[in-house]
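The values are calculated or read from the model by the stated rules, or taken from the named source; none is laboratory data. The model shown is predicted, which means the values in this text are computed figures rather than measured ones. With ideal geometry, Cβ positions are generated from the backbone for all residues, glycine too; neighbour counts draw on all protein chains shown. Heads up: the accessible areas ignore ligands, DNA and RNA and are worked out on the full protein's heavy atoms, side chains in. Shrake-Rupley method; radii C 1.70, N 1.55, O 1.52, S 1.80 Å.
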Amino acid sequence: MRLGFKIPLIGFTMLVLLVPILLLNGLVYERQQRAAEVRAEVAQSSSRAQRITGPLLRIEVERAVPERRLVMEEGVQREVVETKTVREARLLLPARLGYEAGFTSERRGRSLFLALLYHLKLKAGAEFDTTGLLAEGERAIRADLLLGLGDNRGIRSLALSAGGKPLAVEPGAQLPWLEAGVQASLPLAELQAQQLSVQLDAEISGTEALDFVPVGADTEVRLGGDWPHPSFGGDLLPQAPELRADGFSAQWKVSRLASQAQQAVRQCGLEATHCAGLSAHAFGLRLVDPVDRYLMTERAMKYALLVLVLVFGAVFFVEVVGGDELHPLHYGLIGLALAMFFLLLLALSEHIGFGLAYLLAALACIALIAVYLAGVLESRAKGWASAGLLAGLYALLYALLKAEDYALLGGALVLFGCLAVFMLATRRVRWAALGRAGTQQP
C-alpha cells in the first residue's frame, strides 16, 4: 500500500479509536458521581464534616433607663420621669482559645464505594476577659456558653465546665448562623471574676473534613491523626506540619491581627441567619485518598493518545524497517486492545485497588498484542520485542501517573526521545523509494 495513503489512514484509525476512549471517559465520570453520592449518603446517615466554633459567651443584661414625658393634669402640663427596663444580649469572644485534638480514621461505604470518616478526641480551653463587661447600672440576668459544630449527630460525648465546675449541656447554639452546636447555662456568679476559664472535653465524629474557626484573640490548635495524607487548607496553613507514614501532626497559632474571624463574628451578631465570613476565615484539613482509583484512571486516560501514537509509531517503524506490511485493520485491532486496557483498569480497580489493577490490565494487554503481532509478523522475536516495548511503555505511564508534579516534563522528554530515536533510526531510509515500491506491488 502506498505510504502517502497509508500514513493518513493510520492517523484516521487513531482518531476513530478515540471514540471508545471518550465513551470510557464518560463511564469514569459516571462512577465518580456515584462515589460522590455514596459519600454524601454516608455523611447524611452518620455525620457531616465538622466545623468547631467557640466556645462563645452570650450574656443578657438589663438596665434601668429614665424616660421623660409630658402629661396634662387638671389643665397643667408637667414633666414626668419614669424608669424603663431595657434588655439586650451581647456576644463575648475568648481572649485566648486553645484546642488539643487527635483523631483516628475509618473507611466506610456501600458496595464498591467508600467514604472517609474520623473520630476526634478534642480538648479545648477558653479564657474570657470579663473586665468592664457590665457598665454602671447594668446587671446580668442570663449567661450561656455556646459551641458551634458542623453536625450534632457526630457527638459521642461532650462536657463543658467553667471555673472547674461542670455545666449542663443542651442541644442548640442559640445563634441562627451556627449550623449546629450545643449550649450550657453559666451561673452568673462566674461573671464576677475578671477572668472566666472554660474547658471542653469531647469525642466527635465527622466525614472527610475538619475545620476550626479562630474566634479567640489568640488561638492555638494542635492536631494529630493517623491519616498519612491530609490536605491542609482554608484561610491559614499550619506551621511546619509533620507528615509520617503512620499519620501527621500540625499546629496553628493565630492572633486577631492575622485573622479577621473575630470581626466576622461581630458583624454577624446575634440575629443574622447566615454568617458568610465565618467559613472564609476557617482553617483545617480534608482526608484525601492519594490513590483515588477514578482520579488515577482519569489521569491515565489523558495519556491514551500518547500511547496510541507511540505504539502505532513503533509498529509502523517495524513495518518500514523490517519489510513487513500490515493492513490498517491490524492497527485498528491493536488500538482496540490498547483501549481495552483502560476499561480493564477501571473495572479491576474497583475490586482490587489501582496498583494491582494496573499491573493485571497491562499484563493482559501486553500478552494479547504480543501474541497477535507474533502471528501477524510470523516472528516470535518481533512478538517478544513488542512485549518488551509495551512493558516499558506501561511502566513509563505508571511512573508519570505517580510523579504528578513532573508529569508534563516527563511526557515532553519521552516524546522528544521517541522522535529522536525514530528520526535517527530512519535517517538512511529512502521514503520515496518505499512509496514507489508500494505502488508496484500487485
> Considering the chain as a Gaussian network with a 10 Å cut-off on Cα pairs, which listed residue, Ser157, Ser255, Ser185, attains the greatest mean-square fluctuation?
Replying inline: Ser157
> Tell me, what ³J(HN,Hα) does each residue in region 189-199 have, in order and in whole Hz, if you take phi through Karplus 6.51 cos²θ - 1.76 cosθ + 1.60 with θ = phi - 60° and put x for Gly and Pro?
Replying inline: 5, 5, 7, 6, 6, 6, 10, 10, 9, 10, 10
> Residues with amide H under 5 Å of Asp151's amide H, sequence separation 5 or more or different chain, H placed in the peptide plane at 1.01 Å from N; which?
Replying inline: Arg51
> Ranked from the most accessible area to the least, with a 1.4 Å probe and all protein chains present, what is the order of Ser45, Ser259?
Replying inline: Ser45, Ser259
> Taking only the alpha carbons of the chain, what extent do you get along each of the three principal axes, in Å, biggest first?
Replying inline: 131, 53, 37
>> For the chain, set up a GNM with springs between Cα atoms under 10 Å and report which of Asp129, Asp211, Asp151 has the largest fluctuation.
In response: Asp129
> So which lysines pass the test for Lys123, namely a Cα distance under 23 Å, with those fewer than 8 places away in the same chain ruled out?
Replying inline: Lys165, Lys253
> Can you list residues whose amide H is under 5 Å from Leu236's amide H, if they're 5+ apart or on another chain and H is modeled 1.01 Å from N?
Replying inline: Gly284
>> Nearest 10 degrees is fine. How inclined is helix 354-376 to the longest principal axis of the chain, computing both from alpha carbons?
In response: 10 degrees
> Using the Karplus equation 6.51 cos²θ - 1.76 cosθ + 1.60 (θ = phi - 60°), what ³J(HN,Hα) coupling, rounded to whole Hz, does each residue of region 274-287 give in order, writing x for Gly and Pro?
Replying inline: 9, 10, 5, x, 5, 5, 5, 10, 7, 9, x, 8, 10, 8
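Please report the net charge: other residues with Cβ closer than 15 Å to the Cβ of Ala261, K and R +1, D and E -1. Before the final figure, lay out the partial values.
Details: positive: Arg51, Arg96, Lys253, Arg256, Arg266; negative: Asp211, Asp218, Glu220, Asp235.
Its environment carries a net charge of +1.
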>> Counting heavy atoms of the protein chains only and a 1.4 Å probe, report the per residue accessible area for the chain as a whole number of Å².
In response: 52 Å²
> Tell me, what is the FRET efficiency for His274 and Arg380 to the nearest 0.05, using R0 = 60 angstrom and their Cβ-Cβ distance as r?
Replying inline: 0.25
> Which ³J(HN,Hα) values in Hz, rounded to whole numbers, follow from the phi angles of region 292-306 under the Karplus curve 6.51 cos²θ - 1.76 cosθ + 1.60, where θ = phi - 60° and Gly and Pro get x?
Replying inline: 5, 4, 6, 5, 5, 5, 4, 5, 4, 5, 5, 9, 4, 5, 4
> So how far, in whole Å, is the C-alpha centre of region 84-136 from the one of region 175-198?
Replying inline: 11 Å
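In region 63-220, what % of DSSP beta bridges are antiparallel (nearest 5)? Don't skip to the answer; put the middle values down first.
Working: 59 of 62 bridges.
Bridges in region 63-220 that DSSP calls antiparallel: roughly 95 percent.
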> Between Gly225 and residues 5 or more places away or on another chain, which pairs have amide H atoms under 5 Å apart, with H built 1.01 Å from N, and which residues are they?
Replying inline: Phe103, Phe248
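Grab the Cα-Cα distance for Ala64 and Leu134, subtract it from 0.36 nm times how many residues apart they are, and report the gain in nm with one decimal. Before the final figure, lay out each step's value.
Details: separation 70, 0.36 × 70 = 25.20 nm, distance 1.31 nm.
My answer for the length gained is 23.9 nm.
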>> Once neighbouring chains are kept in place and the probe is 1.4 Å, which whole percent of the accessible area of region 219-352 is contributed by carbon and sulfur?
In response: 58 percent
> Helix 431-440 versus the longest principal axis of the chain: what is the Cα-based angle in degrees, 0 to 90, to the nearest 10?
Replying inline: 60 degrees
> Which one of Ala339, Ala168, Ala300 has the biggest mean-square fluctuation once the chain is modelled by GNM with Cα springs under 10 Å?
Replying inline: Ala168
> Taking region 79-146, which GluC sites (Glu not before Pro) meet the DSSP loop condition and have no more than 10 other C-beta atoms within 10 Å?
Replying inline: Glu136
> Is it possible to state the helix-based mean residue ellipticity at 222 nm for the chain, with each DSSP H run of 4+ residues giving -39500 (n - 2.57), the sum divided by total residues, to the nearest 500 deg cm²/dmol? What is it?
Replying inline: -14000 deg cm²/dmol
